[in-house]
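Values quoted throughout were computed directly from the atomic coordinates according to the rules given, and no laboratory measurement underlies them. Computed from a prediction, not measured in an experiment: that's the story for all the values here. Every residue, glycine as well, gets a Cβ built from its backbone with ideal geometry; the counts of neighbours run over all protein chains shown.
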Amino acid sequence: MSPQSPQSPRTHVLVLGGTTEARELAASLAARPGVRVTTSLAGRVARPREQAGEVRTGGFGGAEGLADWLRAHAVAAVVDATHPFAAGITAHAARAAAATGVPAVVLRRPGWRPRPGDDWHPVDSLAAAAGLVPELGRRVFLTTGRLGLAAFAHLTAPHFLVRSVEPPEPPLPPHTEVLLARGPFTVDGEEALLREHRIDVLVTKDSGGAATAAKLVAARNLALPVVVVRRPPLPEGVTAVPDVEAALAHLDRALG
Ligand code: NAP
């Protein structure tokens with residue numbers, strides 16, 4: 001992406017956001033002369049963090065709506081920097097890019113890997129996680145996001161400590177305590193939380209990244225089992241990069 005004169009139109013990059021990496025990428029792109037960056041947010045969080053460049057909020061209306069938006073706003077490239085579990089928007093972005101010919105790349109942070117001392121129980125879905133929980137413990141720290149709680153709502157015996165950024169909506173399990181908090185979290189803080197609430201099993205999605213990894217270290221230190229929900233697969237044929245630097249390099253190659 002070479003700098004352009006003030007008269008020439010700026011190269012418009014759409015970042016599908018909602019993650020730390022999306023904010024970092026938008027900041028890097030906004031600092032480049034000749035680049036216009038728009039970050040798209042779903043609008044799930046009432047007060048999103050500060051964001052460089054332009055921001056638009058709300059769904060596009062499926063893959064077709066997104067394709068229309070790309071054409072109408074003369075988008076030169078799309079970076080899908082959404083959360084690894086936001087499979088719907090990722091599928092739509094892949095289809096919209098294919099339909100319009102707009103180059104696209106997925107910025108997907110690497111998943112977490114178990115270390116010696118970990119007691120991980122990988123599963124493919126929240127429903128499978130809910131099926132396993134009663135075998136592993138009675139006091140559950142649930143960090144799978146407020147939108148996935150319905151999968152656990154039928155579990156009447158365990159006590160759940162649910163941590164989310166925004167208040168969760170019903171249906172919830174009957175014995176639920178809600179903790180509103182936004183990362184990053186520290187290992188000491190997570191250990192103290194697990195002890196204070198006498199947690200005996202942790203449930204998490206394999207979100208990856210540093211901001212919420214401390215709970216895994218804390219669980220290892222306290223020898224607690226962890227139910228880890230695996231990521232949904234990426235759509236076929238998409239190009240994925242692991243970090244902001246690689247996404248910028250990819251854009252440089254794609255846009256010349
Ligand atoms: P999803 O299931 O993949 O998306 C559902 C619908 O929400 C999409 O079809 C799209 O609506 C709209 N949408 C999602 N992300 C959007 C974006 N960045 N800009 C505009 N519209 C968007 O997504 P989700 O799992 O509900 O996640 C929503 C947002 O929260 C994502 O941006 C994601 O990065 C962020 N987030 C998700 C998680 C998680 O665990 N899933 C965790 C942290 C942050 P239309 O079809 O109308 O376009």
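Using the C-alpha gyration tensor of the stretch 119-229, what are the square roots of 5 times its eigenvalues, in whole angstrom, with the largest one first? Before the final figure, lay out the partial values.
Numbers: eigenvalues 71, 47, 37 Å².
One finds semi-axes of 19, 15, 14 Å for the stretch 119-229.
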Quarter of the Cα convex hull surface for the stretch 108-184, i.e. its orientation-mean projected area (nm²):
6.0 nm²
Extreme residue, positive dipole direction of the stretch 28-147, given options Thr90, Gly137, Val45 (C-beta unit charges):
Val45
Report, to the nearest 10°, how far helix 20-30 tilts away from the longest principal axis of the Cα atoms in the chain, using its own Cα long axis and a range of 0 to 90°.
20 degrees
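With the cut-off at 32 Å, report for the chain the share of all Cα pairs above it, as a whole percent.
On the way: 9483 of 32640 pairs.
Of all Cα-Cα pairs in the chain, 29 percent lie more than 32 Å apart.
Using unit Cβ charges (K, R positive; D, E negative) and no other charged atoms, how large, in debye to the nearest 20, is the dipole of the stretch 119-229 about its Cα centre? Don't skip to the answer; put the middle values down first.
Details: 10 positive and 12 negative charges, 19 e Å.
Roughly 100 debye for the stretch 119-229.
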Highest mean first, how do 34-45, 111-122 rank when packing is the count of other Cβ atoms within 10 Å averaged over residues?
34-45, 111-122
In degrees rounded to 10, the 0-90 angle between helix 187-196 Cα long axis and the longest Cα principal axis of the chain is 40 degrees
Within the chain: Cβ-based charge dipole about Cα centre, in debye rounded to nearest 20 (Lys, Arg +1; Asp, Glu -1)
240 debye
Taking Cα atoms, how many degrees apart are the long axis of helix 62-72 and the longest axis of the chain, rounded to 10 and kept between 0 and 90?
30 degrees
